[in-house]
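This report refers to the structure that appears directly beneath it.
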Amino acid sequence: MELRHLRHFVALAEEGTFTAAAARELIVQSGLSTSVRALEKDVGAPLFVRGTRPVRLTAEGEALLPAARRALDAVEAVQQTVRDVHGVLSGRLRIGVIETSGHTLPFGAWLAQFSREHPAISITVRQLPAVRALELVGQGELDCALVSAVPGLTAGLQVVQLLSEPMMLACSPGHRLAGATSVELEDLEGERFVDMDPGWAVRVLVDDAFRAAGVTRKMVYEVNEWAIALGLLAAGMGVALVPSGLDFSLHPDTAGSLRLVPLRGAPLTRHVDLVLPKGHGAAPAAVRFAQHVSASRRLNLTRREATRS
């Protein structure tokens, strides 16, 4: 069994078509097809259902895919060990991010500096809901993710907490609670809610809090972008619980059109974390990026403390 056959198999499984997979691997389609057939001969079973678009894995293919990814990652780690002797980090880094990563954390600056320090690394960034990003890290399709870790989805993963911020009630100036100094979840019984898609970690957090408090709420809007949610809130179409660190200046249409009211009672806090596989399961580039982010964050905190003093 040759590594290139495994690599071509993974490419076809991920890309879904021979055309896209061949382009990714920089070979002709006939070469890719021959490589996949050779792997099928080695394992003694068909790996793809022919004639489907996109191509579909057989049961044997589904079983082989995670092992193939692990094998390729292990080879990359071995090669990187040799490259580390020469001080060169190369390969690829696949990062998942939530929509608000750049609002509350300097993700762009971290990534730019990391790329300058390691120009041989090919970096791909995918914006995804937290739940999906965590699933992809666990499956080996992402190397790390900047998300809010969701309990129950982090088995086998290392969670590096970067940010912690309280949730607050957001409503229009004309809402009955706009002038309140604080509110409890019980005060929101019967309110019309604007909330994020169930795949978002912040939605999971809010749902769990209301469930624990025994408070039901009426969901009138589910959206997948904060800009849309803030526009609906400013128009008086409902209320929402939002992270206090959300950068409202990025949505100038809502400036001055929203009121933020603190919550009292049980604290409700959103975390933003860097998540990657534990131990040897982590790609060398992901480990180095985690170290880079942690060092940059410590430096920023030190500078803030020095400015205050």
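Expressed as a fraction of 2.2 N^0.38 Å, the value expected for a compact globular protein of N residues, the C-alpha radius of gyration of region 1-88 is 1.16. Estimated from the Cβ-Cβ distance and a Förster radius of 45 angstrom, the FRET efficiency linking THR19 and THR216 is about 0.35. Using only Cα atoms and rounding to the nearest 10 degrees, what angle (0 to 90) does helix 3-15 make with the longest principal axis of the chain? Once rounded, one gets 40 degrees.
Close amide-amide hydrogen proximity is noted between ARG126 and ILE95, GLY96, VAL97, each under 5 Å apart and 5 or more residues distant or on a separate chain (H modeled in the peptide plane; Pro and chain starts excluded).
Principal axis extents of the Cα atoms in the chain, from largest to smallest and rounded to whole angstrom, are 70, 52, 34.
From the square roots a ≥ b ≥ c of the eigenvalues of the alpha-carbon gyration tensor of region 120-191, which class results: rounded (a/c under 1.5), prolate (a/b over b/c), or oblate? In terms of gyration-tensor shape, prolate. Between 0 and 90 degrees, the angle of helix 130-139 with respect to the longest Cα principal axis of the chain falls at about 20 degrees. Largest first and in whole Å, the equivalent-ellipsoid semi-axes of region 119-162 read 19, 11, 11, each the square root of five times a Cα gyration tensor eigenvalue. The GluC sites (Glu not before Pro) of region 25-67 include none that DSSP puts in a loop with a beta carbon having at most 12 other beta carbons within 10 Å. Amide H contacts of GLU191 (H built 1.01 Å from N, in plane; Pro and chain starts excluded): LYS218 sit under 5 Å, all sequence-distant by 5 or more or on other chains. Once you reduce region 196-215 and region 4-52 to the center of their Cα atoms, the two points are 42 Å from each other.
In the chain, the longest principal axis of the Cα atoms and the axis of helix 107-117 are about 30 degrees apart. Taking all Cα pairs closer than 8 Å and separated by 6 or more residues, the relative contact order of the chain comes to 20 percent. With the simple spin-label model, which puts each label point 7 Å out from Cα in the Cβ direction, the ARG50 to VAL159 separation comes to 4.7 nm. Loop-located GluC sites (Glu not before Pro) in region 143-241 (DSSP state other than H, G, I, E, B) with a sparse environment of at most 15 neighbouring Cβ atoms within 10 Å: GLU184, GLU189, GLU225.
None of the figures in this text is laboratory data; all of them are computed from the coordinates on show. These numbers were taken from a predicted model, which means no experiment stands behind them. Cβ sites come from the backbone with ideal geometry, for glycine too, and all protein chains shown count toward neighbours.
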